[in-house]
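Novice: Can you keep this structure in mind? I'll have questions shortly.
Read-outs throughout are calculated quantities, based only on the coordinates presented, and are distinct from any laboratory measurement. None of these values were measured; they are calculated from a predicted model. In this analysis, Cβ positions are derived from the backbone assuming ideal geometry, glycine residues included, and neighbour counts consider all displayed protein chains.
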Amino acid sequence: MPGRQPPFEAAVTGLGLVTAAGAGAKATWHAVAGGAPPEGVHRPAELAELPCDFMYLNTGLDPAAVLGTAALRLMDRFTQLAVIAAREAVADAGLDPAAWDGARVAVVIGSAHGGLPFYDEQHTVLASRGTRRVSPKLAPLTVVNGAASGVVADLGALGPSLAVSTACSSGTVALGTAHQMLRSGACDIVVAGGAESVLSRLLIASACRLRAVSTRRSDPATACRPFDADRDGFVVGEGAGLLVLERPEHARARGAAVRAVVRGYGASSDACSVVAPDPEGAGIERALRTALADADLAGSDVDHVNAHGTSTVLNDLIEGHALSRVLGDRPLVTSTKAVTGHTLGAAGGIETALTVLALEEQTVPPTVNLTTPDPGLPPGLDLVRGSARRAHLRCAVKTSLGFGGHNAALVLTRD
């Protein structure tokens, strides 16, 4: 089409990860690509006697040792994880916050629940000990923008800062928002992604009632099994995944190594149900087609999909059929949640970082615990299972779906 603008390619120059699979991008990638069962399976006392009494957590990380005890006083755990991941991403990008123009640096971080565990704890304090024992820090520790404000303060980023809360698509929407901000020229650098830590008896009890989480208590390491015929729900995980995105000319000017580019973004709403995706998958299909159009690519160009793949019965079937309709049978499809757990609002950030690593390593991680694909899935859907698969990967897609019908998709390519 005459006069058509070329796609905007936001340069990915840094990655930072903290997950139940490991602290750091290398550790998480090694665990996910290795296809081993999750090592972060824990049975916290807070979940005792619930039908789902386990979560995937990172208990080897000591935030106080990394951030200092003074900094932790105004940080809930999801903020702590975000700051640690942001530091890794910025260092990986070769950036020095002491030297950059902070007014041109933005922060966009997604979270579904913010500081819910502290809210849960303080509600118990109020009920058992009265108003005078409630912490005055309730608001700053529980607000959803806590992670964004914590990263802003830690890095000295003076540009726009945003908190995105679109349920389990929050991290992907945050990255899409970062892509749009860079395209508009509002900033040169964005630290973006998601963070979540929801060790909350109240939330998990509710998820059990909703039948969203697995109750495979006898073997929690195999409980999360995306796309498997025997799946019965997801396992909640914690973590943070942050990426440094830059305007391409900014990255080139400083000689940065570009790990991949975010080339397209699409989002949509189902307008259907608060707790279930559109049964026809029209919402995620629309987001995916929008992202491909934004990237000026066709479904046949896509080599790999890091799917939302939650291990819930409805979501996996709906997403699988939508992927098949838009992309055909060519892409290698995986879900990495069986190793990291479903990190809710952080999932899109974590899984986009893993998608960048898949493009770099030319390797698609397996969907752990997938032994018998659901017979209701499209027969040609190429689900990677058993072990990682080497392939020539030029273009990859990350999809996300969230409660409330929030859908998002990113298209990434090798630079």
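Novice: Determine the relative contact order of the range 10-413: mean sequence separation of Cα pairs under 8 Å and six or more apart, normalised by residue count, in whole percent.
Specialist: 24
Novice: Quickly estimate the mean residue ellipticity at 222 nm for the chain, helices only: each DSSP H run with n ≥ 4 gives -39500 (n - 2.57), and the total goes over all residues, rounded to 500.
Specialist: Taken over the chain, the calculation gives -10000 deg cm²/dmol.
Novice: Run the dipole for the range 10-413 about the Cα centre, Lys and Arg Cβ at +1, Asp and Glu Cβ at -1, nothing else charged, and hand back the magnitude in debye, nearest 20.
Specialist: Dipole of the range 10-413, to the nearest 20 debye: 500 debye.
Novice: Turning to a different aspect of this structure: Using only Cα atoms, what Kirkwood radius does the chain have, in angstroms?
Specialist: About 20.9 Å for the chain.
Novice: Here's another thing I want to ask about it. On a C-alpha basis, how far is the centre of the range 335-400 from the centre of the range 78-151 in Å? Whole number, if you could?
Specialist: With the range 335-400 and the range 78-151 each reduced to a Cα centre, they are spaced 28 Å.
Novice: Rg and Dmax in Å for the range 297-363, alpha carbons only: what are they?
Specialist: Expressed in Å, the Cα Rg and Dmax of the range 297-363 come to 12.1, 32.
Novice: In terms of modelled amide H atoms, which long-range or inter-chain residues lie less than 5 Å from the amide H of Val305?
Specialist: Leu332, Val333, Thr334, Val397
Novice: Also, quick follow-up: Report ³J(HN,Hα) in whole Hz for each residue of the range 399-414, in order, from the Karplus equation J = 6.51 cos²θ - 1.76 cosθ + 1.60 where θ = phi - 60°; Gly and Pro get x.
Specialist: Per-residue couplings from phi come out as 10, 9, 10, x, 3, x, x, 8, 10, 8, 8, 10, 10, 10, 9, 6 Hz.
Novice: Can you work out the Karplus-derived ³J(HN,Hα) for every residue in the range 120-137? Use 6.51 cos²θ - 1.76 cosθ + 1.60 with θ = phi - 60°, whole Hz, and x for glycine or proline.
Specialist: Running phi through 6.51 cos²θ - 1.76 cosθ + 1.60 with θ = phi - 60° gives 4, 4, 6, 5, 5, 4, 4, 5, 9, 10, x, 5, 6, 9, 6, 6, x, 8 Hz.
Novice: On average, how much area does the Cα convex hull of the range 107-156 cover when viewed from any direction, in nm²?
Specialist: 3.7
Novice: Along the range 327-343, what does the Karplus equation 6.51 cos²θ - 1.76 cosθ + 1.60 (θ = phi - 60°) give for ³J(HN,Hα), rounded to whole Hz, x for Gly and Pro?
Specialist: The phi angles translate into 10, x, 9, 6, x, 7, 10, 9, 10, 9, 5, 5, 9, 8, x, 8, 8 Hz.
Novice: Quick one, can you get me the convex hull of the C-alpha atoms of the range 338-415 expressed as volume per residue in Å³?
Specialist: 118
Novice: Compare the Cα positions of Gly60, Leu370, Ile350 along the charge dipole of the chain (+1 at Cβ of Lys, Arg; -1 at Cβ of Asp, Glu; about the Cα centre) and return the one farthest towards the positive end.
Specialist: Of the listed residues, the answer is Gly60.
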